[in-house]
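For reference, the structure discussed in these notes is given below.
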Amino acid sequence: MDADRIRAHLDPIRHEFADPRSLVMPALKFAQTEKGHLTREDMAAVAEATGYSPSFIESVASFYDRLYTRPVGNRVVSVCVTLSCMLRGADEVWDALCEHEGVDHHHGGTSADGRITIQEAQCLGYCDKGACIQVDAEETKGPYTPEEAVKLVEELREAPTPAELWR
Amino acid sequence: MPILNSVYRHREAGRPLTELAAYREAGGYKALESVLGETDADDLQYAFVRSGLRGRGGAGFPMGRKASFLPKDSRLPKYVVCNADESEPGTFKDREIMEMNPFQLLEGLTLAGYAIGAVRGYIYIRGEYEHQARVLDAAVRAAREAGFLGKDLLRSGFDYDITVYRGAGAYICGEETALLESLEGKRGQPRLKPPFPAVAGLYGSPTLINNVETLTALPPIVTRGADWYAALGPEKSPGTKLFSISGHVVRPGNYEIVLGDTTLRELIFEHAGGLREGRRVKAVWVGGSSVPVIGEEHLDTPLDYESLQGIGTALGSGGCIVMDDSGCIVRACLRLASFYRHESCGKCSPCREGTSWFERILQRMVDGDGRMEDFELLESLFRRVSGKTLCPLADGAIAPIRSAIKLFRDDFIRVCQEGSPRPEPMLPASVG
């Protein structure tokens, strides 16, 4: 994403912060919506739009789980594996999804066709709906059985990718 | 005993109040209208003190007293920050408030801002709550159009606006100084305290930080009076509390109870529908995962700050996780250890290194490769990590493991020798 587009996104909210550094996070999150992850060029554009050094921008981006500095799939499927969901079958859901997408059962990963990334998530705050799954950052649902979870990723694989990827 | 549903208006109304008109109908913004230009800011602060409301995020610090710590004569602008980074395992009460009742939070945040003379309120919401952030965005726009936010609120001369700020996936940003760092556009790592945020918080300015549930309780405290709130439940820490209950219970969900009025047994068996047929309670993390675990023998403890402290645990965030006797306590500890290892921000080496070791040792126990020396090793690690870090994350990692080893030592010894195969989970279909 180019710096002008990022600047245009930031202009309406600039006055809300006494220090412009607060714009770094909104800028990174917005820059990520284009490709679903942040490339070196994206981070350089954020640096240009906010006036901070590229190394500072990368240091911020690399800290947060939901800012991806490496390519991920068209859709990111987060399986909550923390205690409440574990008691409700999250490990079974996780195994079924890793198996179905052919990714590593320990770390998760992106399917060979590049459509789906399966990742572990720490408590998503939907413990009443465990085992829960979040698609990108927009929709969280549950409870899922392993079979329903597989059906969900199959539907996601066929569905068009959203124009903006909020993760 | 019964559910009260009197403080959080969507619960009282029994429906979502996401439209401003619906919130107004349910009594919304009456508190702000009665206060603006009528009540002195100091009197409002004093009302918060008298209500006895304690912080509902986990630490339980009295809300009014925290507000009184902000300097009165500061030349710097003051801020209120709402901590909506709800990430404590087992806790989902703030999510419900934000998605069902966003205006009551905005009204509470505005009241808090008026009480301390703030220029702006920020809601720092975890990145995973994008849906809830959008609900809040829409609510802020509607409140602004109606004159409840912006310049000269209700022609009182008070200027105040609210910004919704999204995080990007980091448990540590629920710690107040890490939250401020993140809100300032940096890596979310805790600061050395003092200075406390009340003196030097956001952008070095005096800042009041409160949890979603705390701020949302303020409008009814104003309309019904501090004395009404203070009369609910025990004298020392009154009020109602949202308990999020999850795990091996039939009806997981949020339940608003009067503190001290309901026992843990009633919460689990009456409100949350109890356990599956033939199961018994094995372990309960009553205040989120960062508190010491308790067993069946404490089920008759009333749910309030003092009683829970009295049995060696804490009310924390009210995220109550229940595990029945089908679960394995060592596996549960391992899962929590993995959580803290993942979420340690890495700033303090005792936490960064320690949380990895907790996970590794518990993993080998679960694999059946545990050794008797591991108990001593864990205890010596706890001693070297506890209290030696900038923030309470490491202590939060230690509390559930240390207490579990004490309470369920026999299980740990058995698992060390035999390992622990994955137990059958409670699947949606197996609920009656």
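Quick notes on this structure:
- Those residues of region A:106-144 which are at the interface with another protein chain (Cβ under 8 Å from one of its Cβ atoms), surrounded by 13 or more Cβ atoms within 10 Å (Cβ to Cβ) and in a strand (DSSP E or B), in sequence order: A:Ala121, A:Gln134, A:Thr140
- Scanning region A:106-137 for residues that are on the phi > 0 side of the Ramachandran plot and in contact (Cβ under 8 Å) with a residue 40 or more places away in the chain turns up A:Gly114, A:Asp136.
- For A:Ile116, the conditions (1) at pLDDT 95 or above; (2) within 30 Å of B:Ile97 (Cβ to Cβ); (3) not acidic (Asp, Glu) all hold with the exception of (2).
Rundown of residues vs (1) out of contact with any helix residue (DSSP H, G or I) (no Cβ under 6 Å at 6 or more places or on another chain); (2) assigned by TED's automatic domain parsing to the domain that holds A:Val135; (3) touching a residue at least 24 places away in the same chain (Cβ under 8 Å); (4) at negative phi, yes/no style:
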site	(1), (2), (3), (4)
A:Leu10	no, no, yes, yes
A:Pro20	yes, no, yes, yes
A:Met25	yes, no, yes, yes
A:Phe30	no, no, yes, yes
A:Lys35	yes, no, yes, yes
A:Arg40	yes, no, no, yes
A:Val46	no, no, yes, yes
A:Glu92	no, yes, yes, yes
A:Ala96	no, yes, yes, yes
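- Looking at B:Arg335, B:Arg422, just one residue is closer than 28 Å to A:Pro146 by Cα, surrounded by fewer than 16 Cβ atoms within 10 Å (Cβ to Cβ) and either within 14 Å of chain A (Cβ to nearest Cβ) or hydrophobic (A, V, I, L, M, F, W, C) (or both), and that residue is B:Arg422.
- Residue, nearest to the other protein chains (Cβ to nearest Cβ), within region B:196-205, restricted to residues that are surrounded by 24 or more Cβ atoms within 10 Å (Cβ to Cβ) and within 19 Å of B:Pro62 (Cβ to Cβ): B:Gly201
- Scanning region A:145-165 for residues that are closer than 11 Å to A:Asn74 by Cα and surrounded by 17 or more Cβ atoms within 10 Å (Cβ to Cβ) turns up A:Leu156, A:Leu165.
- Listed by first and then second residue, the pairs linking a residue in region B:368-392 that is farther than 14 Å from B:Ser349 by Cβ to a residue that is part of a loop (DSSP other than H, G, I, E, B), with Cβ atoms under 8 Å apart and 6 or more places separating them unless they lie on different chains, are B:Gly368/B:Gly419; B:Gly368/B:Ser420; B:Asp369/B:Gly419; B:Pro392/B:Glu175; B:Pro392/B:Ser290.
- Test: residue in region B:308-327 that is of a type in the set (Ser, Thr, Tyr), more than 12 Å from chain A (Cβ to nearest Cβ) and without any contact (Cβ under 8 Å) to a residue 60 or more places away in the chain: no
- Test: A:Leu97 is of a type in the set (A, V, I, L, M) and either at the interface with chain B (Cβ under 8 Å from one of its Cβ atoms) or more than 16 Å from the chain's Cα centre (by Cα) (or both): yes
- Only one entry in B:Asp73, B:Asp94 is touching an Asp or Glu at 6+ places or on another chain (Cβ under 8 Å) and farther than 19 Å from B:Leu308 by Cβ, namely B:Asp94.
- Of all residues in region B:257-275, those satisfying the criterion of being modelled with pLDDT of 95 or more and charged (D, E, K, R) are B:Arg265, B:Glu266, B:Glu270.
- For B:Pro77, the conditions (1) under 15 Å from the mean Cα position of the chain (by Cα); (2) within 14 Å of chain A (Cβ to nearest Cβ) all hold with the exception of (1).
- Candidates A:Val72, A:Val81: the one that is within 8 Å of another protein chain (Cβ to nearest Cβ) and in contact (Cβ under 8 Å) with a residue 24 or more places away in the chain is A:Val81.
The values are calculated or read from the model by the stated rules, or taken from the named source; none is laboratory data. Bear in mind the structure is a predicted one, so any value in this text is a computation, not a measurement. All Cβ positions, glycine included, derive from the backbone under ideal geometry; neighbour counts span all protein chains shown.
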